[in-house]
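Before any comments, here is the structure.
The values are calculated or read from the model by the stated rules, or taken from the named source; none is laboratory data. Note that the structure is a prediction, hence the values are computed from the model and not measured. Note that each Cβ is placed from the backbone with ideal geometry, even for glycine, and that neighbours are counted across all protein chains shown. These accessible areas exclude ligands, DNA and RNA; they are computed on the full protein's heavy atoms, side chains included. Shrake-Rupley method; radii C 1.70, N 1.55, O 1.52, S 1.80 Å.
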Amino acid sequence: MSGSFQGPPPEGEREHWGGSAGFVLAAVGSAVGLGNMWRFSYVAAENGGAAFVVLYLVMTFGVGLPVLLAELVLGRGAQRGPIGAVLHYLGPAWRGLGVLFVVTGLLIFSYYSVIAGWTLRYAATGVVSGFGGDAGARFATVAEGAGAVAWHLAFLGLSLVVVLGGIRRGIERCAVAVMPLLFLIVAGLAIYAATLDGAAAGYRYYLAMDIGKIWSAEVFRAAAGQAFFSLSLGMGAMMTYASYLERTHPVSRESLTIAVSDFGVAFVAGLLVFPLIFALGLQSEVGESTVGALFITLPHAFHEMGGTGRAVGVLFFVALLVGALTSAISIFEVLIVSVSEGLRWSRRKSCWMAGALVGALGVLSALDTDWLGLLDLLAGNVLLIAGGLGLSIAVGFSSRPAREALGNSVWTSLWVTTLRWVAPPVLLLALMHALAGFWEALRSYMGA
Ligand code: PHE
């Protein structure tokens, strides 16, 4: 099989990004998504606010950024999807790592699309009928069942339309068109939230430091998992996007832009979500449902706020949808490129094949939110961290060509040292905690 991954792409020349800004926006689009708002806010709430935010910042720049750079270097140099890139730079012994990336992508996309389906539904019904009624009961019907399956497939269909357009006319055009909208909405809503009475209590909850929690293993694992998930690392998404760069295109500054934007949007989303929740006195609801926190508490808040709430709510869900779409297409691309390079299928056929797999697998999450939560712990934590660990060891120790691609500078030595000696122990520790967390959840899932 390695032959087909290393051969020329089936449709002749590999497509490349139209411009540097297009690539950066697409990569930022991949990073910024449900992870920054839905996942970040409930994980931050569960893990004691500021202590988590600080650890998350450290993980993003201390470990995430070097691994991001490794992914970009591998993809750009190999001009192949993750399996081909791993074979090209690391050799057949590491093929399993490439396969792990693709499997992780498939699992993540299967539940990501379901949550994005909820988002699509809230955005659409927000326009038509607002956010009325009992938010908890509403969420229960949205989250599981035939409706959830239908909206999951609708969102998947939307992503399919984008990826069928290819890199430049599909993915790049979509990112360039919608990402500025996301930034505007999130910034605008954060400013609006600051004007609400009671916003200060929200800021306090979000930013007040419970210093003891910094040493908590659970908070540490959550921060590591969140950094990887949010930066789209550990499953080849960034690698795949970089494979559509010209070989001479720089990537160092780009990696910093991506990490700063990703952290920035998550941080500002927190400045929006917590004041809103506290201003309306809904904080006790947050702890009650984990995956549902944002989808119950916020619609409840929007409802309480009357007419303004409806406008704010629609804007919020539109921004969330934009984030979800530009992230989903990057996971999609990992699957598409792997099918098309592995089986030498046309892009079109590969898109449909990957879409069908995700569509079918996603039905399980659409019918059972416990399963969805479990998959997020497995794929969104354990497997991403494992993928990042493998990558930093492989690039740090075994691939000289990959390291040389960055040239000789202090920064390069710092990068290599981090990949060798900092990231692996940190990620190994995070992996052990992630495994323990998953194991516990699995046992209670089986028992339930
Ligand atoms: N980074 C995306 C988000 O924050 C999710 C994602 C994970 C995308 C892994 C691609 C790969 O929502």
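Residue-wise test of (1) touching a His at 6+ places or on another chain (Cβ under 6 Å); (2) of a type outside the set (S, T, N, Q); (3) within 12 Å of the ligand (Cβ to nearest atom).
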residue	(1), (2), (3)
ARG39	no, yes, yes
ALA70	no, yes, no
ARG76	no, yes, no
VAL102	no, yes, yes
TYR112	no, yes, yes
THR125	no, no, no
GLU144	no, yes, no
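Taking first residues from region 23-52 that are over 14 Å from THR297 (Cβ atoms) and partners that are within 10 Å of the ligand (Cβ to nearest atom) and open to solvent by 10 Å² or more (accessible area, probe 1.4 Å), the Cβ contacts under 6 Å between residues at least 6 apart in sequence or on separate chains come to SER30/SER232; ALA31/SER232; VAL32/VAL265; GLY35/PHE229; ASN36/VAL265. Report yes if some residue within region 403-410 is away from the ligand (no atom under 16 Å from the Cβ), more than 20 Å from the chain's Cα centre (by Cα), more than 22 Å from ALA217 (Cβ to Cβ) and open to solvent by less than 20 Å² (accessible area, probe 1.4 Å); otherwise report no. Looking for residues that are away from the ligand (no atom under 16 Å from the Cβ), more than 20 Å from the chain's Cα centre (by Cα), more than 22 Å from ALA217 (Cβ to Cβ) and open to solvent by less than 20 Å² (accessible area, probe 1.4 Å), one finds none in region 403-410, hence no.
Total residues in region 15-69 satisfying the condition of being closer than 25 Å to GLY390 by Cβ and open to solvent by 30 Å² or more (accessible area, probe 1.4 Å): the figure is 5.
The single condition among (1) in a helix (DSSP H, G or I); (2) more than 16 Å from the ligand (Cβ to nearest atom) that LEU378 does not satisfy is (2). Scanning region 161-185 for residues that are open to solvent by 10 Å² or more (accessible area, probe 1.4 Å) and either under 20 Å from PHE317 (Cα atoms) or aliphatic (A, V, I, L, M) (or both) yields VAL161, VAL162, LEU164, CYS174, VAL176, ALA177, VAL178, PRO180, LEU181, PHE183, LEU184, ILE185.
When region 206-248 is filtered for residues that are outside any helix (DSSP H, G or I) and surrounded by fewer than 24 Cβ atoms within 10 Å (Cβ to Cβ), the ones remaining, listed by number, are ALA208, MET209, ASP210, SER216, LEU245, GLU246, ARG247, THR248.
Scanning region 127-156 for residues that are in contact with a Pro (Cβ under 8 Å, 6 or more places away or on another chain) and buried (at least 22 other Cβ atoms within 10 Å of the Cβ) yields PHE131, ALA135, PHE139. Screening ARG173 with (1) in contact with a His (Cβ under 9 Å, 6 or more places away or on another chain); (2) among the basic types (Lys, Arg); (3) modelled with pLDDT of 95 or more gives one miss only, at (1). Residues that are at pLDDT 95 or above, in contact with a Phe, Trp or Tyr (Cβ under 7 Å, 6 or more places away or on another chain) and not in a helix (DSSP H, G or I) within region 44-93 comprise just one, ARG80.
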